[in-house]
Every structure is written in structure tokens, then in C-alpha cells.
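Step one of this worksheet: look at the structure below.
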């Protein structure tokens, strides 16, 4: 299997430091994020603690995913054969543009001007809504949080809760302004907001003939697609429309139903802090009078698979546990990452899907504290992967003041005499931190350090001097 396209679409944004600095100035955003992620973290910790074999489940999930990735071509062909046998047409897409083009063509062929959608990271990744809009087709998001984002002409900021950055009052005002037929006296009570969305979407479910979905898992042996969700909208989209188009990343495969059982225990506890998903829908082929298509998307996944140190990112089951635990994400939110995949997993997955040359700042969007690895249900070692990607970024980055400074330091450290003279000269820096015993600001390129943290004042006596005086 060879990757032949260059992914782009919704995986690259402005440099993380620039976007993060803007997000840090939004106090309401930080309050919303802290409250939401704190609540989810506590729920997750509670339900995970109920399982004495959680570590074994986690190891099993990682092993199953690794086995699939090691033999991915075989499982993909098995999955395709099972789908075709059950009456589904299978399409293959090398990159985001091809995937969007295939889906748009299938939708246009039905003659519809509107489709309903199940929440899907894959369709967001390929920029499907924009592609459909360019073709004159309106996509209606049926997941409540995705609908909020869509009505506000916004972008998702969280894998699981796309509107996590919005408060209830903001959502109420948005519904009053943008939702057709809404009660002008709508309150910000969660029940009232959900009821308003239900009435709006019910009409769409019963009148739109084409649905687009993703899949949380795909069972290779049977050709089944599995969609897990909390609102029932996924089940409506899978069963009511006459035409169903499912967009699935090629890494979503699990071999058997028995393997699926492991992930149906891992995912709800890690994502929403629940013992099981409220709705688990298994779709095994079109019903009578229904047409179905599955679009299998590469978009950089085989390139990621070719990197032994980075391929474990493809284990990801999109639970968002790493986002909810990350101190960087909690302070900046998802928009700062510039990708449909935010947080720690986005910092490793997006640069691999696009190539690090096109996503150079995300691998540095982490404190490397390691909490993301601790909570990952499939044991992705995100901190180690970030370090690996940082090495790759340094290799491809154009020469700048920082690299020149590092070469100068390397030159000095390669000779004992030069290094000793540099250490003695470094004592002059004591004058800069005379007031607070630390240095708060330096000129470029050293400002890259002091813009975010203080620099310790050089000691009066170096270790070498102390050693020689003994």
C-alpha cells in the first residue's frame, strides 16, 4: 500500500504559539474548559477504578490495534470483501481531496440538496462540509454539539465535545438567532436547549434522504460498521435515509466481534466516564430499498504507518482522555492547535498525517508531563512520540537564529578550552539578574526561552572552578 497524496484540508493551522497566545487572553474560554475537563476527568477516574483488570484491558486494546496495523492490507481486503458481499459499494481515497470528491459525487448523484450527518472526525478531516457546500449541497450536523458549532459558523475545539468552549448562555443566544422556528423566549436550561434542537432535527431526520456517517470501529470479518454515541442521532441517520455514505479511516479496523468487545469497554470509560455507551449501533449492510457506500480514507495514514516510532498514533480510538488531562489543552483550548485533532493526540497525529514540514509547531505544544500516556486506553506513548517528532522538525527546519546559536554552543563545547572561556564569560550574566536573582527577559533568539519562563542567574562559581579549588 503506497500513499500518493499530500493531506491538507483541516489538519494545518496557524503556528501554535501564535494561536495559543490569543486563546490565553480569553478568560471565559479558560473557565469553560477548566470546568468541563475537570468534570470529565473525575467521572473517568471513578469508572476506571471500578475495573480491577483495567491495565490488562488497556494492554489488550494496544495489542489488538498493533496486530491490525502490522497486517493492515490483509484486514482491509477482508473488510472490503465482507462489505461487497452484503451489498455495499466500497471506494478508496488516497487523500482528503479525493475522499471529498468521491462523497460529493455520490451525494450529487442522488439529486438531493441536503444531507444529514453523524458526528465524524474523518469527514471533518477531509473538509467534507465545505466540499458539499461548494457543490450546492447543505450538510446538517445532527450531533447536538456539532450542530451548535455549525450554527455559529465555528470550528470544533474538542474531539468528544466539539462545543466545549461554549457556555449555556452563548448557546441560547445562538439558537435564538440561527435556529429556524425556535421559541424566542428560549432559556439556557440544558433541557430546554436539547428540546429545541430535538424539534429542529426531527424534521430533518424524517425528510432528508441521504446521510453521511463515520465509524468508531469497523469489524473486518463481518464488514460491520460500529457507531457509538449518546443522543440516538447516529441510529436515526443509519436507518432512516435511503442512501448512506460512510467515511472511514483505514486504521479503524478490528479483526473480530470478540476484539470489538475490548474497545466497547475501553471507550466509554475513557471518553464520557460511563460504563457503557448509551447507543451502540452496528450496521451490517443496506436494508431493502437502501443504497450504501463506504469510503476508505488514507490521507497520510500509510505514511504514518511507515514510521516505526510514530505508527502507534494510529491506535487512537478518539476517546479524548488525553485532551481532558492535558494542562496545555486546558489553558489554550482546541482551536489553538489549528487541526481537527486537537490536544496531545493532535500534536502527534496531525504532523504525521501532513508531514512535519507542514506542521512544525504542534510537536512542541506539550509540557511532556506524561499524563496523556497514563490515561490513554490504548497506551499510546505520546510524550516519547512528541520527542521523536521534535527531532524530525529540527531536521527539516530552515536555518534560523536559534539553530545558529545551537551550532555556536556545539562549537564551544567541542573544545575544553573554548568551553572554559565561555563559562567564565557567562558570569557577566549575573549583572542581568541582580534585582530578583533571576533573568526575566533577553533579546532574540534567547527571548524564546525568557518569553515563557525566567532564566536562573549564573552562579558566582562554576562547578569546574569549585572542583579545581578542592
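Values in this text are rule-based calculations from the coordinates and carry no lab data. Treat the numbers as computed from the prediction; the structure is a model and nothing was measured. Cβ sites come from the backbone with ideal geometry, for glycine too, and all protein chains shown count toward neighbours.
Values as computed for the structure displayed
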read-out: Estimated 222 nm signal from helices in the chain, with DSSP H stretches of n ≥ 4 weighted -39500 (n - 2.57), rounded to 500; value: -14500 deg cm²/dmol
read-out: Evaluated at q = 0.16, 0.19, 0.25, 0.26 Å⁻¹: base-10 log I(q)/I(0), Debye formula over Cα of the stretch 401-468; value: -0.65, -0.89, -1.19, -1.20
read-out: Which of 385, 179 has the fewest Cβ neighbours within 10 Å, and the rest in rising order; value: 179, 385
read-out: Cα centroid separation, the stretch 356-427 to the stretch 107-177 (Å); value: 38
read-out: With Cα atoms, 0 to 90° folded angle of helix 257-271 axis to the chain main axis; value: 60
read-out: Rh (Kirkwood; distinct C-alpha pairs) - the stretch 34-96, Å; value: 15.5
read-out: Exposure proxy ranking, count of Cβ atoms within 10 Å, fewest first, for 203, 91, 158; value: 203, 91, 158
read-out: Folded to 0 to 90 degrees: helix 54-70 orientation relative to the chain principal axis, Cα; value: 80
read-out: When the chain is reduced to its Cα atoms, the Kirkwood hydrodynamic radius in Å; value: 24.3
read-out: Global geometry of the stretch 64-221, whether rounded, prolate or oblate, following the gyration tensor of its Cα atoms and the 1.5 cut on a/c; value: prolate
read-out: 4 °C / 1.567 mPa s Stokes-Einstein diffusion coefficient of the stretch 137-212, Kirkwood radius on C-alpha pairs, µm²/s; value: 101
read-out: Nearest 10 degrees, 0 to 90: helix 190-207 Cα axis against the chain principal axis; value: 50
read-out: Per-residue Cβ neighbour rank within 10 angstrom, fewest leading, 439, 164; value: 439, 164
